[in-house]
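The values are calculated or read from the model by the stated rules, or taken from the named source; none is laboratory data. Note that this is a predicted model, so its numbers are computed, not measured. Every residue, glycine among them, receives a Cβ derived from its backbone with ideal geometry; neighbour counts consider all protein chains shown. Calculation scope for accessible area: heavy atoms of the full protein, side chains included, ligands and nucleic acids excluded. Shrake-Rupley method; radii C 1.70, N 1.55, O 1.52, S 1.80 Å.
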Amino acid sequence: MADEDLDLFVIGAGSGGVRAARIAAGYGARVMIAEEYRVGGTCVIRGCVPKKLLVYASRFAHDFEDAAGFGWTVPRPSFDWHTLIANKDREIARLELAYETTLERAKVKLARSRAVFENAHTLRLISSGQQVRAKHILIAAGGSPYPGERIPGIEHVISSNEAFHLSQLPNRIVIQGGGYIAIEFACIFNGLGANVVLVYRGHNILRGFDDDVREHIRDELTRQGITIVCDQTVTSVSKEEGGFTAQLSRGDRVGADQVMFATGRHPNVNGLGLEAAGVRVNKKGAVEVDKFSRTSVPHIYAVGDVTDRVNLTPVAVREGHAFADSVFGGRQVPVDHRNVPSAVFCEPEIGAVGLTEAQARERLARVDIYKTVFRPMKATLSGRETRTFMKLVVDGGTDKVVGCHLVGPDASEMIQLVAVTVKIGATKADFDATMALHPTAAEELVTMREKAASYAREAAE
Ligand SMILES: Cc1cc2nc3c(=O)[nH]c(=O)nc-3n(C[C@H](O)[C@H](O)[C@H](O)COP(=O)(O)OP(=O)(O)OC[C@H]3O[C@@H](n4cnc5c(N)ncnc54)[C@H](O)[C@@H]3O)c2cc1C
């Protein structure tokens, strides 16, 4: 016999879970949410938000340097890691409290505990042993850093979780990984003055992004002094006097104060008792769901990173909201996972939406490419060696803009708006007909007239 009966039990108070719990409660459902760590989840506590705060901190290095060309004399700046981390922690604590207040106001019960399935309708709260029965269950347990194969010395390696709480700024850091988290942390530490070596097992960083973007950003990062080592892995890490040594697969040894792996993330399904509930996971260990986020058990749903669809905060939030609307709001709401904009908050930023050139050429009969590379206006006086890159991928059959890829200052802000145009099916002619706003970088998006390339193939789908 369960200690409590509910309409909905949510596992995990992160982006997806909190949104789903609040909306379901708004529809009158009796809801409990369990959180084993801190309310707010990865995004708020050790993901997007603290990351962006560190990105802001790291960018001042360039601002101080660039100021000279505009007539400013800046005394030699100094940086204090402890101030940054303390201020960041205070802001995260404030946000955590705001999330808790939101749940309280929505009359969602918060259980500060790990929750595991006893069976398909019952969960056990580990901290108290309490059993809770619910009509519906939402798995919103997120994901965790995955360090890859166990190599000798792996116990010395940190993940992004620890990078937010280092007792001091490393002078030298080796980061293994080629995804957005690895690249962002490489730029954060580089901007704050550390010597950064980025090691990636593949041929080029940022797999999945447009190939031109990958080339362009690699050059930019290298120019800023980040050492990028591709086609290699860290095979062992040993502790030495005053730091660590990372052994690379081709024999090089790199000294560092910290070694960080950002080699991917795994859905949090271990020990959750999914077998006891009959919930199926797919080959990659993620909870299997349909387009309404329903698992193999009809009254159990899953949203966010634990389903490994598009692992971004706004997607988890949208999935959580759609779940609550569908199950408690009386209207079936599927989530459209196409054309999700994404950014890499490196220096300079990347913004991307829609198809890459390679994807478009694979899927479409005709593809037109427009692209431009130029020196951003600010760099003319600052003297900074940097270039902005912009690319539009156009369906040659319909003239629709099906992809946009940017590298440059404020690329993340630009791509959010370009995403609206891609979503509503704007054509290249619509872009051309839009008046430019001068002088901006974004005006280049509506003034690219010359095709850089045009492809056609006969046997397209
Ligand atoms: C370093 C980093 C930077 C990122 N930057 C961005 C970015 O710039 N933009 C962006 O959109 N996304 C970013 N992300 C991804 C984003 O954080 C995730 O996609 C998002 O948080 C997923 O939300 P979620 O609800 O699925 O899971 P989470 O937010 O991870 O929440 C899951 C929660 O469940 C809890 N939990 C797990 N198991 C249990 C259990 N059995 N019982 C109770 N509680 C449990 C966890 O403690 C966690 O709090 C970043 C991620 C990282 C790691």
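Of note:
- Residue within the stretch 198-214 that is part of a strand (DSSP E or B) and within 23 Å of the chain's Cα centre (by Cα) present: yes
- When V315, V327 are checked against the criterion of being part of a helix (DSSP H, G or I), more than 14 Å from the ligand (Cβ to nearest atom), surrounded by 20 or more Cβ atoms within 10 Å (Cβ to Cβ) and not acidic (D, E), a single residue qualifies: V327.
- In the stretch 123-164, residue most open to solvent (accessible area, probe 1.4 Å) [restricted to those that are hydroxyl-bearing (S, T, Y) and within 21 Å of the chain's Cα centre (by Cα)]: Y146
- A single member of G16, G69 is more than 11 Å from the ligand (Cβ to nearest atom) and surrounded by 13 or more Cβ atoms within 10 Å (Cβ to Cβ), and it is G69.
- Selection over the stretch 187-210 of residues that are touching a Ser or Thr at 6+ places or on another chain (Cβ under 6 Å) and open to solvent by 10 Å² or more (accessible area, probe 1.4 Å) gives a count of 4.
- When the criteria are applied in full, A441 fails the requirement of being open to solvent by 30 Å² or more (accessible area, probe 1.4 Å) and more than 30 Å from E184 (Cα to Cα).
Listed here are the residues, each with its yes/no results for (1) free of Cβ contacts under 8 Å to residues at least 40 places away in the same chain; (2) in a loop (DSSP other than H, G, I, E, B); (3) at negative phi; (4) open to solvent by less than 80 Å² (accessible area, probe 1.4 Å).
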site: K371; (1), (2), (3), (4): no, no, yes, no
site: L392; (1), (2), (3), (4): no, no, yes, yes
site: C404; (1), (2), (3), (4): no, no, yes, yes
site: I415; (1), (2), (3), (4): no, no, yes, yes
site: F431; (1), (2), (3), (4): yes, no, yes, yes
site: M435; (1), (2), (3), (4): yes, yes, yes, no
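- Of the residues contained in the stretch 23-37, one or more are found to be surrounded by fewer than 22 Cβ atoms within 10 Å (Cβ to Cβ) and farther than 23 Å from R294 by Cβ.
- For the stretch 373-390, filtering for residues that are surrounded by fewer than 21 Cβ atoms within 10 Å (Cβ to Cβ), part of a strand (DSSP E or B) and among the aliphatic types (A, V, I, L, M) leaves 1.
- Helices (runs of 4 or more DSSP H) fully within the stretch 2-106 counting 3 or more residues that are within 20 Å of L169 (Cβ to Cβ): 48-67, 81-105
- Criterion: among the hydroxyl-bearing types (S, T, Y), more than 16 Å from the ligand (Cβ to nearest atom) and either modelled with pLDDT under 95 or within 30 Å of S15 (Cβ to Cβ) (or both) - qualifying residue of Y200, Y301: Y200
- Taken together, the criteria exclude F60 from residues that are more than 14 Å from the ligand (Cβ to nearest atom), open to solvent by 70 Å² or more (accessible area, probe 1.4 Å), in contact with a Leu (Cβ under 8 Å, 6 or more places away or on another chain) and over 23 Å from A324 (Cα atoms).
- If only residues of the stretch 444-461 that are in contact with a helix residue (DSSP H, G or I) (Cβ under 7 Å, 6 or more places away or on another chain) and part of a helix (DSSP H, G or I) are counted, the one that is surrounded by the fewest Cβ atoms within 10 Å (Cβ to Cβ) is V446.
- Scanning the stretch 169-186 for residues that are open to solvent by 10 Å² or more (accessible area, probe 1.4 Å), away from the ligand (no atom under 11 Å from the Cβ) and closer than 18 Å to Y56 by Cα yields one hit, L169.
- Of all residues in the stretch 280-298, those that are free of Cβ contacts under 8 Å to residues at least 40 places away in the same chain have Cβ atoms under 7 Å from Cβ atoms of residues that are open to solvent by 60 Å² or more (accessible area, probe 1.4 Å) and β-branched (V, I, T), 6 or more apart or on another chain, in E288/V281.
- Restricting the first member to the stretch 251-272 and to residues that are over 23 Å from C187 (Cβ atoms), and the second to residues that are buried (at least 18 other Cβ atoms within 10 Å of the Cβ) and hydroxyl-bearing (S, T, Y), the beta-carbon pairs closer than 8 Å and six or more apart or on different chains are P267/T307.
- One residue stands out in the stretch 216-249 among those that are in contact with a helix residue (DSSP H, G or I) (Cβ under 9 Å, 6 or more places away or on another chain) and under 13 Å from E347 (Cβ atoms): the one that is surrounded by the most Cβ atoms within 10 Å (Cβ to Cβ), namely I217.
- Within the stretch 128-165, restricting attention to residues that are within 10 Å of the ligand (Cβ to nearest atom) and of a type in the set (G, A, S), the residue that is nearest to Y301 (Cα to Cα) is A140.
- Top-ranked residue in the stretch 330-354 [being under 30 Å from F189 (Cβ atoms) and open to solvent by 30 Å² or more (accessible area, probe 1.4 Å); ranked as farthest from the chain's Cα centre (by Cα)]: E347
- Every listed requirement among (1) open to solvent by 30 Å² or more (accessible area, probe 1.4 Å); (2) more than 11 Å from A134 (Cβ to Cβ); (3) more than 11 Å from the ligand (Cβ to nearest atom) is met by D5 save one, (2).
- E36 meets all of the listed conditions (1) more than 6 Å from the ligand (Cβ to nearest atom); (2) touching a residue at least 24 places away in the same chain (Cβ under 8 Å) but one, namely (1).
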